[in-house]
Amino acid sequence: MDTTPSTHGPLRKRIRAGGHDAFGELFDAYARSVYNFVLVGDLARESLIPPAQAAALYRAAAGISGVFVIDDAVDAAGRHGVAVARIDDGERHEPIFDRKTKEFLGEREVAVADLTSGPEKGDVTARTAVLERTVVDKRGERPQRVRDPLPRVQAGVMTGSIEQGTSQTHGNTRILHFLVRLPRSMETVWPTIATAEGLAAWFGPVDVLEPRLGGVFGVPGLGGGRVTAWDVDRVAEYTLEGGRMRFHLERGGDDASVLRFTHEFQGEGESEAGWRTRFERLIENLEGSADGP
């Protein structure tokens, strides 16, 4: 990638040239724009891109025919960025870049019409996040963690903490973010956020929770919904009518974990204070439990 142009004009020409090489004279304008957009996504997703080239890639993508910019898009980790988007087959595909550095954050797909596969207009059908990248010296070698994503909890100090929550407003949509340090391992914490019984102990009653992607999720007073992200021991996301809750677990040490929480909802139905009270209850429950056998 170091040999890739670091300004968007030459980079766009190289992307277009790739399209012509692949399809020759039969490569019409529509197919070329689709190919170029897919190529940009592949480069962003699969390459370790230097900052200058990353910024050029974002600007080149924005210039592809049929592509438009979305000023605020959210990846699977709850991070906000700017997206370049294109609509195909009833879905809007959004590679998301950091607003300042133009580093690739992840992707989101949104239904722009009711789909025959089930999602309705406005539903988020897919969401990803790139949390860390690194390189190895040779094929087959496993990368070593070069840094801890968050400070570790000292061994033997089994206490939790809640960092100051943040709140954002976008039209009628509010988004709350919390980072909660928990005094138990990811494996111990997971049932507290991914089972009806575990959630009931600190969050509140849950009518139904089918533990799988696409499973039914229901809360008294909030209606029914679906499990819209599911990665065992790491990610659980529940989308209800007018709202979305995402729990993202990371290791915080040998016997501790970190919870990144996002709640996106309409209106004024929730508050930072309400969620802080819930997380205090979760920490208290965990501190009174044993971790592992």
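Identify, please: which residue in the range 93-113 is without any contact (Cβ under 8 Å) to a residue 24 or more places away in the chain and open to solvent by 50 Å² or more (accessible area, probe 1.4 Å) and is, among those, farthest from ASN36 (Cα to Cα)?
Kept after step one, since they are without any contact (Cβ under 8 Å) to a residue 24 or more places away in the chain, are these residues of the range 93-113: 96, 98-100, 109-111, 113.
Next, only the ones that are open to solvent by 50 Å² or more (accessible area, probe 1.4 Å) stay: 99-100, 109.
Details: ARG99: 22, LYS100: 24, GLU109: 18 Å.
Selected residue: LYS100.
Right, SER33: under 30 Å from ARG234 (Cβ atoms), out of contact with any His (no Cβ under 6 Å at 6 or more places or on another chain), at pLDDT below 80 and polar (S, T, N, Q) or not?
In short, no.
Looking at the structure I just gave you, is ILE64 farther than 29 Å from TYR238 by Cα, assigned to a loop (DSSP other than H, G, I, E, B), touching a Ser or Thr at 6+ places or on another chain (Cβ under 9 Å) and modelled with pLDDT under 80?
For ILE64, the condition - farther than 29 Å from TYR238 by Cα, assigned to a loop (DSSP other than H, G, I, E, B), touching a Ser or Thr at 6+ places or on another chain (Cβ under 9 Å) and modelled with pLDDT under 80 - is not met.
Take the residues in the range 68-90 that are without any contact (Cβ under 8 Å) to a residue 40 or more places away in the chain and surrounded by fewer than 19 Cβ atoms within 10 Å (Cβ to Cβ), then tell me which one is farthest from ALA236 (Cα to Cα). Before you say what the answer is, go through the steps one by one.
Taking the range 68-90 first, the residues without any contact (Cβ under 8 Å) to a residue 40 or more places away in the chain are 68-71, 73, 81-83, 85, 87, 89-90.
Checking which are surrounded by fewer than 19 Cβ atoms within 10 Å (Cβ to Cβ) leaves us with 68-71, 87, 89-90.
On the way: PHE68: 30, VAL69: 29, ILE70: 26, ASP71: 26, ILE87: 27, ASP89: 28, GLY90: 26 Å.
My answer is PHE68.
Could you list, ordered by first residue, the pairs with Cβ atoms under 8 Å in which the first is in the range 33-53 and within 11 Å of VAL67 (Cβ to Cβ) and the second is modelled with pLDDT under 75 and in a helix (DSSP H, G or I), at least 6 apart or interchain?
Short answer, once both residue conditions are applied: ASN36/ILE15; ASN36/ARG16; ASN36/GLY18; ASN36/GLY19; VAL40/ILE15.
What is the number of the single condition among (1) modelled with pLDDT under 75; (2) part of a helix (DSSP H, G or I); (3) surrounded by 13 or more Cβ atoms within 10 Å (Cβ to Cβ); (4) touching a Lys or Arg at 6+ places or on another chain (Cβ under 9 Å) that HIS20 does not meet?
Unmet condition: (3).
Filter the range 244-278 down to the residues that are at pLDDT 85 or above and hydrophobic (A, V, I, L, M, F, W, C) and list them by number.
Scanning the range 244-278 gives MET245, PHE247, LEU249, ALA256, VAL258, LEU259, PHE261, TRP275.
Name every residue in the range 234-243 that is part of a strand (DSSP E or B) and either at pLDDT below 90 or farther than 16 Å from PHE265 by Cβ (or both), in order of residue number.
VAL235, ALA236, LEU240, GLY243
The values are calculated or read from the model by the stated rules, or taken from the named source; none is laboratory data. None of the values given here were measured: they were computed from a predicted structure. All Cβ positions, even for glycine, are placed from backbone atoms using ideal geometry, and neighbour counts span all protein chains on display. What goes into the accessible areas is simple: the full protein's heavy atoms, side chains included, and nothing from ligands, DNA or RNA. Shrake-Rupley method; radii C 1.70, N 1.55, O 1.52, S 1.80 Å.
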